[in-house]
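> Structure in structure tokens, see below.
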Amino acid sequence: MSGASDRPLWERDGADWPNRTASRFVASSGLTWHVQEMGAADAPVLLLLHGTGAATHSWAGLAPLLAARFRVVAPDLPGHGFTDPLPAARLSLPGMAAAIRELLTTLAIEPEIVVGHSAGAAILVRLCLDGMNPRLLVALNGALTPFPGLASVLFPGLARMLFLNPITPRIFAWTADRPAVERLIRGTGSRLDARSLDLYRRLFRRPGHVAGALGMMANWDLASLDRAITGLSVPTLLVVGSDDKAIAPETAFALKDRLPNARVCLLRNLGHLAHEEAPDRVAEVILNAVEDGVNRPAISG
């Protein structure tokens, strides 16, 4: 395990990490994971999985709101934040899901509620298709279907080419100044405060984190997930930001019609990082869904 070498990195870059007192390091699946836990130990477990390029900081505002009712568990995905990377042979979507499954076994938890943002939602769908059976799955701007048209071929291929070039992460890290990060986040349709932008800039300036994000994009096959997703029987809430520029909101409505037990909640005036822009609104949507299943109105102000 290489996690010991990351401890100085944690002491430096994680010194003021959001919700730092909730952090600990866990050995599982041949990796050392950075995991945040908060809430009562005997409360129902709610699992949070962030998206590509993010880390546990993505839940800075949302996790404490959910922890009032749940035992919230939020890991950094492999290769992201302060968690070790997976070997290249295990970077597929099923490989990533299997690593999360092993982490949950190590933690001796079985989540009742699972919430994933973007690619994190895809991991949760894969886990549910493979046998995990939570009471509710919430996908926040979930990356659950292939990119449309030619992009479904070009984008993964480009990511793979960049991932295989060992210089690429360093070049990206060298150029990740604040204006570049602001442009990147703005391109998702979200508007974040200066503190949040600085945390993303800090992550993007680390070649290892960039390599972790590229590795996920390069090795995932969303077409296979798209073919299998109609077998998803877990009650599912698809939460969509109306201003999401990374994943077209209409894809969630099309996906809903293919799932046996799903609803869509549209959040007005929020982008791809809706849970970071308005954690209170997203927490309300999740808690309402837990109380009433997914039978809530499809549009939320």
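> Among what's in the range 256-301 and is among the β-branched types (Val, Ile, Thr) and not in a strand (DSSP E or B), pick the residue that is modelled with the lowest pLDDT.
Residues of the range 256-301 among the β-branched types (Val, Ile, Thr): 264, 282, 285-286, 290, 294, 299.
Add one more test, that the residue is not in a strand (DSSP E or B), and what stays is 282, 285-286, 290, 294.
Working: 282: 98, 285: 97, 286: 97, 290: 95, 294: 53.
Within the range 256-301, the match that is modelled with the lowest pLDDT is 294.
> Which of the residues spanning the range 54-76 are of a type in the set (D, E, K, R) and farther than 17 Å from residue 113 by Cβ?
Within the range 54-76, the first condition is being of a type in the set (D, E, K, R), and the residues that meet it are 69, 71, 76.
Selection gives 76 alone.
> Out of 187, 212, I need the residue that is in contact with a Pro (Cβ under 8 Å, 6 or more places away or on another chain), of a type outside the set (Asp, Glu), under 15 Å from residue 53 (Cα atoms) and at pLDDT 85 or above. Which one? Lay out the reasoning, then the answer.
Values: 187 fails: in contact with a Pro (Cβ under 8 Å, 6 or more places away or on another chain).
When all the criteria are applied, what remains is 212.
> While we're here: Residues in the range 119-140 that are touching a residue at least 24 places away in the same chain (Cβ under 8 Å), more than 13 Å from the chain's Cα centre (by Cα), under 23 Å from residue 219 (Cα atoms) and not in a helix (DSSP H, G or I): how many?
Summing the residues that are touching a residue at least 24 places away in the same chain (Cβ under 8 Å), more than 13 Å from the chain's Cα centre (by Cα), under 23 Å from residue 219 (Cα atoms) and not in a helix (DSSP H, G or I) in the range 119-140 gives 2.
> Any idea which of (1) at pLDDT 95 or above; (2) assigned to a loop (DSSP other than H, G, I, E, B); (3) hydroxyl-bearing (Ser, Thr, Tyr) is the one residue 145 doesn't satisfy?
The one condition residue 145 does not meet is (1).
> With the requirement that a residue be touching a Phe, Trp or Tyr at 6+ places or on another chain (Cβ under 7 Å) and assigned to a helix (DSSP H, G or I), what does the range 98-118 give you?
103
> Which condition from (1) assigned to a loop (DSSP other than H, G, I, E, B); (2) farther than 25 Å from residue 222 by Cα is the one that residue 84 breaks?
Every condition holds for residue 84 apart from (2).
> Check 91, 127 and return the single one that is more than 16 Å from residue 238 (Cα to Cα), surrounded by 20 or more Cβ atoms within 10 Å (Cβ to Cβ) and at pLDDT below 95. Write out each step before concluding.
Numbers: 127 fails: at pLDDT below 95.
Answer to the check: 91.
> Restricting the search to the range 49-69, which residues are over 15 Å from the mean Cα position of the chain (by Cα) and crowded, with 24+ Cβ neighbours inside 10 Å?
Result: 66, single match.
> Which members of the range 232-261 meet the condition of being surrounded by fewer than 19 Cβ atoms within 10 Å (Cβ to Cβ) and of a type in the set (A, V, I, L, M, F, W, C)?
Within the range 232-261, 246, 248, 253, 254 qualify.
> Has the range 234-246 got any residue that is part of a loop (DSSP other than H, G, I, E, B) and within 17 Å of residue 128 (Cα to Cα)? Even if it seems obvious, please write down each step before you answer.
To start, the set of residues in the range 234-246 that are part of a loop (DSSP other than H, G, I, E, B) comprises 234-235, 242-246.
Checking the rest, the ones that are also within 17 Å of residue 128 (Cα to Cα) come to 234-235.
Yes, the range 234-246 contains at least one residue that is part of a loop (DSSP other than H, G, I, E, B) and within 17 Å of residue 128 (Cα to Cα).
A quick yes/no check of all residues on (1) touching a residue at least 60 places away in the same chain (Cβ under 8 Å); (2) among the aromatic types (Phe, Trp, Tyr):
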position	(1), (2)
25	no, yes
29	yes, no
32	no, no
36	no, no
39	no, no
49	yes, no
63	no, no
72	no, no
87	no, no
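> In addition: Scan the range 75-84 and tell me whether some residue there is surrounded by fewer than 20 Cβ atoms within 10 Å (Cβ to Cβ) and touching a residue at least 40 places away in the same chain (Cβ under 8 Å). Talk me through it step by step, then tell me what you get.
Initially, the range 75-84 is screened for residues surrounded by fewer than 20 Cβ atoms within 10 Å (Cβ to Cβ), giving none.
No, there is no match, as no residue in the range 75-84 is surrounded by fewer than 20 Cβ atoms within 10 Å (Cβ to Cβ) and touching a residue at least 40 places away in the same chain (Cβ under 8 Å).
The values are calculated or read from the model by the stated rules, or taken from the named source; none is laboratory data. Just so it is clear, the model here is predicted, and its values are computed rather than measured. Quick reminder, even Gly has a Cβ in these numbers, built from the backbone with ideal geometry, and neighbours come from all protein chains shown.
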